[in-house]
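First up is the structure itself, then whatever we jot down about it.
The values are calculated or read from the model by the stated rules, or taken from the named source; none is laboratory data. In this text, all values refer to a predicted model and were calculated from it rather than measured experimentally. Cβ placement follows ideal geometry from the backbone for every residue including glycine, while neighbour counts extend to all protein chains displayed. Side chains included, ligands, DNA and RNA excluded: accessible areas come from the protein's heavy atoms. Shrake-Rupley method; radii C 1.70, N 1.55, O 1.52, S 1.80 Å.
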Amino acid sequence: MALTVSLVVFAGIIVLVLLRTGYLRLWPAFAAALFGFTLASTGIAPAITSGISSVAGWISSFG
């Protein structure tokens, strides 16, 4: 759970920075968020979560 919350906060900060700098516009960001919510309700969501956890574990092994 802590990894999920920190990943969401990190992704939110990145999106805010991209919006403020002009590299990302509001409507494409909104469309990407809707796509993410839609993707989370499909059958591939557990595979994506597993992949993110694997990458996070791989990154944490360097520390």
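Quick notes
- Filter pass, L24 being open to solvent by less than 60 Å² (accessible area, probe 1.4 Å) and outside any helix (DSSP H, G or I): yes
- So V17, is it at pLDDT 90 or above, among the β-branched types (V, I, T) and open to solvent by less than 90 Å² (accessible area, probe 1.4 Å): yes
- Candidate set from segment 36-54 (those that are assigned to a helix (DSSP H, G or I) and either in contact (Cβ under 8 Å) with a residue 60 or more places away in the chain or open to solvent by 80 Å² or more (accessible area, probe 1.4 Å) (or both)); member that is farthest from L7 (Cα to Cα): T38
- Test result for L7, in contact with a Leu (Cβ under 6 Å, 6 or more places away or on another chain) and surrounded by 10 or more Cβ atoms within 10 Å (Cβ to Cβ): no
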